Amino acid sequence: NVTEEKFVLDTLAGCTEYKSILDVVVNAFYVQDGRYCPISERNLYIVICYLATFQLEEIGLQHFSRIVKSLDTAKMQQFLRFFFNDLYLNTWIKDEWSHFYDSVYVKENLIDPLLRWQPKVQQLIEKLTDKLSNRTTTVKTSRVTQPKEFNLTVPKPRAIPPPSPAPLPVLPKRQPVPPSIYKPPKERKQLEEIKTKNIQKAKVSIRSPTCVCKGDPFSLNTLPVQGTILTGREIDLFLPQYLEVVRELVLTQHFEELTKQPQDLIDNIPIKLNTAAILREGALYQRKLEEELKRIENLQQGTGDPSEFLEWQKQMRGKDLEEQLAEIECRRLQGKLSYEEAVLAHQNVIQENKKKADLLREEKAELMHLYAEKRLQEQKEIKELVEQVMEGHKNVKQVKAKTQEYKQQIVQQVSEESGELLRQALEEKEERNRKRYELIQQIRALESAPSIRHKFIDLTETGGHGLFGEMSIVELRERLALLKEAQKAAEEEKRDQIIHEKQAKEQLILDKLDQISQFRAELGRAAALKQEEKKMSQSGERPMKDERILNLQKKIVEKKMERKKQEGLL
């Protein structure tokens, strides 16, 4: 049965997983109430303890009672009475289990369910007690002879479980992580909101009948008729171009607003710097100052000014950057075109797969028919094989009888040999006990002899071990006192040195801050002049798009139209 197999496997896995806490209960049971129970039945008590602790809610009391009644009544009555004792559950069982798991978890998930089931399990224990008393009375009346107890050695009481280990030290509470680390910055959220509003505004302005009026800066010159309402397909075609125009205009306006801001506000933004940042910035400005001085010396010596070459190099890099951007846009559009082609190919593959699926269903029906015929043939062969095996079983009984006689002879020989070996072992053990007793008597005689336990110590004398640098305790204390005084003087000297170094470092940082403020003021003025020159040289013409990009956009529109037609047919 699959259900019974799953139950057995789950029980075995649970007993292995919770072996530590189950061993606590079973070991204590063997020490107290189960002193005379055989150790071979230990696994039986572990399984019953696991079912009562973790599976009683799942299997129910009825199923648990059926399992308990199928076992030995006296053993189960004794173990359940020990395990479901209120005093034991609330005292030492709870404390021992808290060594392995958290005390709150033990109380809520282990102890409280057991206490909740305790009244019903107590009724089961009373039934087992009644059954045991009835069975005992019937057995006594039916017996004719009374057996005599064996003179067995009384087992020694088991050792008391070791005391619970010392509690683990509690670590100090750490400072919690500030919640601002897990929150995204406000600027990102504001940019997302602005982007969403701009897209919604663009869609609304496209659908309105007056969106393409004359003089509108966001009008589309590619529409066939101005002042008309666009359909959904037309919006999908022209929306990317429209959004691109809007984005360029917004970026242009934002750049103009930034350029209109006074340079003093930009330069005078307060920035909090630490020591490392001040030293880094001071080193940067010092390096720039050295480079400028070196350039002036080279000019005095007759070396040419490389500014023209650098300007030409900057223009060439700008052209290369524009070509790279155009190439990236082409690759993006090519990827979009390949996506549309892949969608069309996927639709064709779906139609082919439907045809193949029909063929596979027909082949499967044929294979099932052949498989049924094959199974019938195998069943016939199995029946013939069973008949042959039954004939062979008839001849096995005679062979078993001969084997039984041979085994009895071997057992008789082994019992004789084992008796002789047992006698020799007893003699050897008596000899070892006699020697051990004599040795114990000698040790006790040595211990009873008096010995000098007090020894007088002179702190001014040396140990007399013959070592180099050997000294008395008094001399050692004097040397330690001198060493502490020398160490204290060294610490004072080190403290004064650190204070002087700290003052020198603070003075260096102040000098660096003055130098940085001077360099920043000069750089701000130079940037303002450069910005004015750049405004004069800028042109307001927007670069034309590459012809390759326009051709790819037209192809993508054609592929979309073809894909939508194909979807309508499907």
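Among the residues of region 148-196 satisfying the criterion of being among the aliphatic types (A, V, I, L, M) and open to solvent by 100 Å² or more (accessible area, probe 1.4 Å), which is farthest from Phe29 (Cα to Cα)? Checked region 148-196; the qualifying residue farthest from Phe29 (Cα to Cα) is Leu191. Within region 195-206, none of the residues are within 35 Å of the chain's Cα centre (by Cα), modelled with pLDDT of 75 or more and farther than 30 Å from His99 by Cα. Hey, among the residues in region 58-90 that are basic (Lys, Arg) and under 23 Å from Glu4 (Cα atoms), which one's least open to solvent (accessible area, probe 1.4 Å)? If we take residues in region 58-90 being basic (Lys, Arg) and under 23 Å from Glu4 (Cα atoms), then Lys69 is least open to solvent (accessible area, probe 1.4 Å).
Modelled with pLDDT of 80 or more, open to solvent by less than 80 Å² (accessible area, probe 1.4 Å) and over 23 Å from Lys75 (Cα atoms), is that true of Thr145? No.
Does Val47 count as of a type in the set (Val, Ile, Thr) and open to solvent by 50 Å² or more (accessible area, probe 1.4 Å)? Against the criterion (of a type in the set (Val, Ile, Thr) and open to solvent by 50 Å² or more (accessible area, probe 1.4 Å)), Val47 qualifies.
This table checks each residue for (1) in contact with a Phe, Trp or Tyr (Cβ under 6 Å, 6 or more places away or on another chain); (2) farther than 30 Å from Tyr285 by Cα; (3) of a type in the set (S, T, N, Q).
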{"position": "Leu480", "(1), (2), (3)": "no, yes, no"}
{"position": "Leu483", "(1), (2), (3)": "no, yes, no"}
{"position": "Glu493", "(1), (2), (3)": "no, yes, no"}
{"position": "Lys512", "(1), (2), (3)": "no, no, no"}
{"position": "Ser517", "(1), (2), (3)": "no, no, yes"}
{"position": "Leu523", "(1), (2), (3)": "no, no, no"}
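Between Arg548, Arg563, the distinction of being closer than 28 Å to Glu329 by Cβ, open to solvent by less than 90 Å² (accessible area, probe 1.4 Å), part of a helix (DSSP H, G or I) and in contact (Cβ under 8 Å) with a residue 12 or more places away in the chain belongs to Arg563 only. Residue selection: Ile21 fails the criterion of being touching a residue at least 12 places away in the same chain (Cβ under 8 Å) and under 23 Å from Lys127 (Cα atoms). May I ask you to say which residue of Tyr36, Tyr18 is open to solvent by 20 Å² or more (accessible area, probe 1.4 Å), hydroxyl-bearing (Ser, Thr, Tyr) and more than 26 Å from Asp102 (Cα to Cα)? Just a single option satisfies the conditions, and that option is Tyr36. Being within 20 Å of Ile46 (Cβ to Cβ) and without any contact (Cβ under 8 Å) to a residue 60 or more places away in the chain is a property that holds for Lys94. Could you tell me whether region 285-307 includes any residue that is open to solvent by 80 Å² or more (accessible area, probe 1.4 Å) and either touching a residue at least 60 places away in the same chain (Cβ under 8 Å) or small (Gly, Ala, Ser) (or both)? Checked region 285-307: at least one residue is open to solvent by 80 Å² or more (accessible area, probe 1.4 Å) and either touching a residue at least 60 places away in the same chain (Cβ under 8 Å) or small (Gly, Ala, Ser) (or both).
Please work out which one of (1) in contact with a helix residue (DSSP H, G or I) (Cβ under 7 Å, 6 or more places away or on another chain); (2) not in a loop (DSSP other than H, G, I, E, B) is the condition Gln441 fails and give its number. Gln441 satisfies every listed condition except (1). Within region 315-333, work out how many residues are within 42 Å of the chain's Cα centre (by Cα) and open to solvent by 100 Å² or more (accessible area, probe 1.4 Å). Count: 2. Within the option set Val68, Val47, being within 17 Å of Phe82 (Cα to Cα) and in contact (Cβ under 8 Å) with a residue 60 or more places away in the chain holds for one residue only, Val68. Selection of region 474-506 for residues being open to solvent by 100 Å² or more (accessible area, probe 1.4 Å) and of a type in the set (S, T, N, Q) yields Gln487, Gln503. Residue under question is Asp10, and the condition is that it be of a type in the set (Asp, Glu), modelled with pLDDT of 85 or more and surrounded by 10 or more Cβ atoms within 10 Å (Cβ to Cβ); does it hold? Here the answer is yes, as Asp10 does meet what is asked.
Within region 92-138, the residues that satisfy the criterion of being over 41 Å from the mean Cα position of the chain (by Cα), open to solvent by 70 Å² or more (accessible area, probe 1.4 Å) and either of a type in the set (S, T, N, Q) or under 22 Å from Gln55 (Cβ atoms) (or both) are Pro119, Lys120, Gln123, Lys127, Asn134, Thr137, Thr138.
The values are calculated or read from the model by the stated rules, or taken from the named source; none is laboratory data. Here the structure is a predicted model, which means the values were calculated and not measured. All Cβ positions, even for glycine, are placed from backbone atoms using ideal geometry, and neighbour counts span all protein chains on display. Calculation scope for accessible area: heavy atoms of the full protein, side chains included, ligands and nucleic acids excluded. Shrake-Rupley method; radii C 1.70, N 1.55, O 1.52, S 1.80 Å.
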